[in-house]
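Participant: If you scroll down you'll find the structure; I have some questions about it.
The values are calculated or read from the model by the stated rules, or taken from the named source; none is laboratory data. Predicted model only: the values in this text are computed from it and were never measured. All Cβ positions, even for glycine, are placed from backbone atoms using ideal geometry, and neighbour counts span all protein chains on display.
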């Protein structure tokens, strides 16, 4: 009923991630597209996706999408790099609304920045093993070389809040050294958790003697959502003067949940519901 | 049918953990109780439990137990500290076979070692927040003081294979320093993943100027299984000359699975089935 009575442009944008990392994308969307209502689902009961098999990631991503469709969204954003890398084709084939993934947005942003055609990508094991970034980048410009490195400890470091100091710095040096050796001039953060470690990653690059530019996909993703809404005629009218609501669902909320969530979102999170989607 | 035709003592011992950490308990059981058949379930599709809420851990642990009961075991071992800490009462109330958890085994082993009655415990956030170790230890000897510290990065470090070098050493120093300051003479490793980091933990203690003894619950747990089988008259007869089979189930098997699994088990794993228990 709701979608019949309301203009489709007033419907929310749905966003999901394996956990809270996708809130870095939400933060950028709220900055760039303040009038849009957002429904977010973090699958915190089954985070992380990055260490799981492709079949399991597809199963989990499909369950997330199924839940969000009940919220009647106008567009679905897969803010999880691993789910984008592995499950986007399935979601695109089975859903009847526009579905955008962070891989494509990040790939284009990295391509726009490289001057010498050598891009380094860090991500979870799932994202890196899928080969989604090299595939996406090569499809646009086959002369660009992509070097990859899985950085699995970055997710627990970001969630633990160990984002500065010796441990993340040494971990970042270890992960980035092989990419620096390849002479990349862009480091693409291929996981929505990684922007929290940005300062340590910058310091590690400096210690390794690299001047590579860091590109994160959250900013690129938000810009791409804006363009997609525009091209589908789905931008919420500015006449809807109030800024868009943010409604968050999670599949589990452990004790330190709101603290971690506000670290990712950059603002306090006042409306969160725990749901069981398994 | 099977249980009617066979003696109950010939049935397997069932063991579950959130992932592969429980294989450290299995390794000890195979050393101490070589004739026993073992059925292991690692809930690798939903690992780690240590960061999840108690309600979610109870739900996951119940699903694991349900699956293992189909294997007709004589005894159930909860090898996951978080599940033992949070879900053992529920499992004991709902299941009609003996259920043993690692918390009690670890607590008793630590008590046997402390000379000055000051025990330090490291574990996941879930285990530490549950207060299960201090509760268990106080119930046996209320004069003993227990100091706790969550060490959430130890699990991803063990799974990543970063068990030696600067990163685990600095992390261990940071986690252990507050316990050393309390003058503990025993450090109880309250997570089945942690024995893999034992050398780094020892080095960290040395750097912190502590001579505390490290106690891990895997060894204690295997001994307790042996005593429980004995007291229930369920020891598999030595006449059953072949050594017990090990049958492993996991809920997900990512690419590097067998490598990680054999690191935990200390032997190659030749028989593994992936099952969906959600």
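Participant: Restricting to the stretch A:118-144, name every residue that is within 11 Å of chain B (Cβ to nearest Cβ), in a helix (DSSP H, G or I) and touching a strand residue (DSSP E or B) at 6+ places or on another chain (Cβ under 7 Å).
Facilitator: A:125, A:128
Participant: Let me ask another. Is one or more of the residues making up the stretch A:98-105 away from every other protein chain (no Cβ under 14 Å) and over 13 Å from the mean Cα position of the chain (by Cα)?
Facilitator: Yes, the stretch A:98-105 has at least one match.
Participant: If a residue has to be in a helix (DSSP H, G or I) and within 14 Å of chain A (Cβ to nearest Cβ) to count, how many in the stretch B:187-205 make the cut?
Facilitator: 3
Participant: One residue is enough: does the stretch A:230-251 have a residue meeting the conditions at positive phi, surrounded by fewer than 12 Cβ atoms within 10 Å (Cβ to Cβ) and at pLDDT 90 or above?
Facilitator: Checked the stretch A:230-251: at least one residue is at positive phi, surrounded by fewer than 12 Cβ atoms within 10 Å (Cβ to Cβ) and at pLDDT 90 or above.
Participant: Further question on the same structure: Can you go through B:88, B:95, B:179 and tell me which one is more than 14 Å from chain A (Cβ to nearest Cβ), over 23 Å from residue A:160 (Cβ atoms) and in contact (Cβ under 8 Å) with a residue 24 or more places away in the chain?
Facilitator: After applying the criteria, what remains is B:95.
Participant: Look at the stretch B:97-116 and say how many of its residues are touching a helix residue (DSSP H, G or I) at 6+ places or on another chain (Cβ under 9 Å) and not in a helix (DSSP H, G or I).
Facilitator: Keep residues of the stretch B:97-116 that are touching a helix residue (DSSP H, G or I) at 6+ places or on another chain (Cβ under 9 Å), which gives B:97-112.
Filter once more, keeping what is not in a helix (DSSP H, G or I): B:97-101.
Number of matching residues: 5.
Participant: Cβ-Cβ distance below 8 Å, separation of 6 or more or different chains: which pairs start in the stretch A:132-152 with a residue that is on the phi > 0 side of the Ramachandran plot and end on one that is outside any strand (DSSP E or B)?
Facilitator: Going by the 8 Å Cβ cut-off, there are no qualifying pairs.
Participant: Let me ask you something else. So, in the stretch A:6-29, exactly how many residues are out of contact with any strand residue (DSSP E or B) (no Cβ under 7 Å at 6 or more places or on another chain) and closer than 14 Å to residue A:225 by Cβ?
Facilitator: 5
Participant: Could I ask something else about it? Within the stretch A:257-270, can you find the residues that are surrounded by fewer than 17 Cβ atoms within 10 Å (Cβ to Cβ) and either facing another protein chain (nearest Cβ under 10 Å) or on the phi > 0 side of the Ramachandran plot (or both)?
Facilitator: A:266
Participant: Any residue at all in the stretch A:145-153 that is more than 24 Å from residue B:43 (Cβ to Cβ), within 14 Å of another protein chain (Cβ to nearest Cβ), crowded, with 24+ Cβ neighbours inside 10 Å and within 16 Å of the chain's Cα centre (by Cα)?
Facilitator: Yes, there is a match, as at least one residue in the stretch A:145-153 is more than 24 Å from residue B:43 (Cβ to Cβ), within 14 Å of another protein chain (Cβ to nearest Cβ), crowded, with 24+ Cβ neighbours inside 10 Å and within 16 Å of the chain's Cα centre (by Cα).
Participant: Let me ask something else. Does the stretch B:38-55 include one or more residues that are more than 12 Å from the chain's Cα centre (by Cα) and in a helix (DSSP H, G or I)?
Facilitator: Scanning the stretch B:38-55 turns up at least one residue that is more than 12 Å from the chain's Cα centre (by Cα) and in a helix (DSSP H, G or I).
Participant: I'm told residue B:215 meets every condition in (1) surrounded by 15 or more Cβ atoms within 10 Å (Cβ to Cβ); (2) over 22 Å from the mean Cα position of the chain (by Cα) except one. Can you identify the failing condition by its number?
Facilitator: Result: residue B:215 fails condition (2) only.
Participant: Looking only at the stretch B:157-168, count every residue that is touching a residue at least 40 places away in the same chain (Cβ under 8 Å) and either under 17 Å from the mean Cα position of the chain (by Cα) or not in a loop (DSSP other than H, G, I, E, B) (or both) and tell me the total.
Facilitator: Residues flagged as touching a residue at least 40 places away in the same chain (Cβ under 8 Å) and either under 17 Å from the mean Cα position of the chain (by Cα) or not in a loop (DSSP other than H, G, I, E, B) (or both) within the stretch B:157-168 amount to 3.
Participant: Could you check the stretch B:206-219 and list, in sequence order, the residues that are outside any strand (DSSP E or B) and modelled with pLDDT of 95 or more?
Facilitator: Of everything in the stretch B:206-219, those that are outside any strand (DSSP E or B) and modelled with pLDDT of 95 or more turn out to be B:206, B:207, B:208, B:209, B:210, B:211, B:212.
Participant: Also: Out of B:13, B:39, B:57, report the one residue that is away from every other protein chain (no Cβ under 14 Å), touching a residue at least 60 places away in the same chain (Cβ under 8 Å) and surrounded by 24 or more Cβ atoms within 10 Å (Cβ to Cβ).
Facilitator: B:13
Participant: Here's something else I'd like to know. Checking the condition part of a helix (DSSP H, G or I) and touching a residue at least 40 places away in the same chain (Cβ under 8 Å), which residue from B:238, B:253, B:223 passes?
Facilitator: So the residue among B:238, B:253, B:223 that is part of a helix (DSSP H, G or I) and touching a residue at least 40 places away in the same chain (Cβ under 8 Å) is B:223.
Participant: From the list B:184, B:167, exactly one residue is surrounded by 18 or more Cβ atoms within 10 Å (Cβ to Cβ) and more than 14 Å from chain A (Cβ to nearest Cβ). Which is it?
Facilitator: Going through B:184, B:167 in turn, the sole match is B:184.
Participant: Provide a single number: the residues in the stretch A:68-81 that are part of a helix (DSSP H, G or I) and touching a strand residue (DSSP E or B) at 6+ places or on another chain (Cβ under 6 Å).
Facilitator: Number of matching residues: 2.
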